[in-house]
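Q: There's a structure below that I have some questions on.
The values are calculated or read from the model by the stated rules, or taken from the named source; none is laboratory data. This structure is a prediction, so every number in the text was calculated from the model and none was measured. All Cβ positions, even for glycine, are placed from backbone atoms using ideal geometry, and neighbour counts span all protein chains on display. We work out accessible area using only protein heavy atoms, side chains counted, and drop any ligands, DNA or RNA first. Shrake-Rupley method; radii C 1.70, N 1.55, O 1.52, S 1.80 Å.
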Amino acid sequence: MSNTPATAAASSSKSKAAGTSQPQEKRKTLFQKELQHMMYGFGDEQNPLPETVALVEDIVVEYVTDLTHKAQEIGSKRGRLLVDDFLYLIRKDLPKLNRCR
């Protein structure tokens, strides 16, 4: 199969849809085992597909990174980052806020 612009764009959109800028084989896994256990606890199979675990891990890492950057922006006004900055960001999600407290 030749590498036409259409196939290159399709493979590019697949990597963007996966949420990573790095190829999957070079990406460091951070929470694979923990996420497998959590997914099993929430009703998934005991050994979920590696692609599923990788996708959930990408979502979790993106969420935590985004939340940390937002908290850092809030904390930079004071000159330091506090736990209260994170609590402020999740204040409207009461179940999450109560778990954090």
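Q: I'm told residue 14 meets every condition in (1) over 18 Å from residue 65 (Cα atoms); (2) modelled with pLDDT under 50; (3) open to solvent by less than 100 Å² (accessible area, probe 1.4 Å) except one. Can you identify the failing condition by its number?
A: Tallying (1) over 18 Å from residue 65 (Cα atoms); (2) modelled with pLDDT under 50; (3) open to solvent by less than 100 Å² (accessible area, probe 1.4 Å), residue 14 fails exactly one: (3).
Q: Checking residue 74 against (1) modelled with pLDDT of 95 or more; (2) surrounded by 13 or more Cβ atoms within 10 Å (Cβ to Cβ): exactly one of these is not met. Which one?
A: Single failed check for residue 74: (1).
Q: Here's another thing I want to ask about it. Which one of these does residue 90 not meet: (1) touching a Lys or Arg at 6+ places or on another chain (Cβ under 9 Å); (2) open to solvent by 80 Å² or more (accessible area, probe 1.4 Å)?
A: Against the list (1) touching a Lys or Arg at 6+ places or on another chain (Cβ under 9 Å); (2) open to solvent by 80 Å² or more (accessible area, probe 1.4 Å), residue 90 comes up short only on (2).
Q: Anything in the range 41-74 that is touching a residue at least 12 places away in the same chain (Cβ under 8 Å) and among the acidic types (Asp, Glu)? List them, or say none.
A: 57, 58, 62, listed by residue number.
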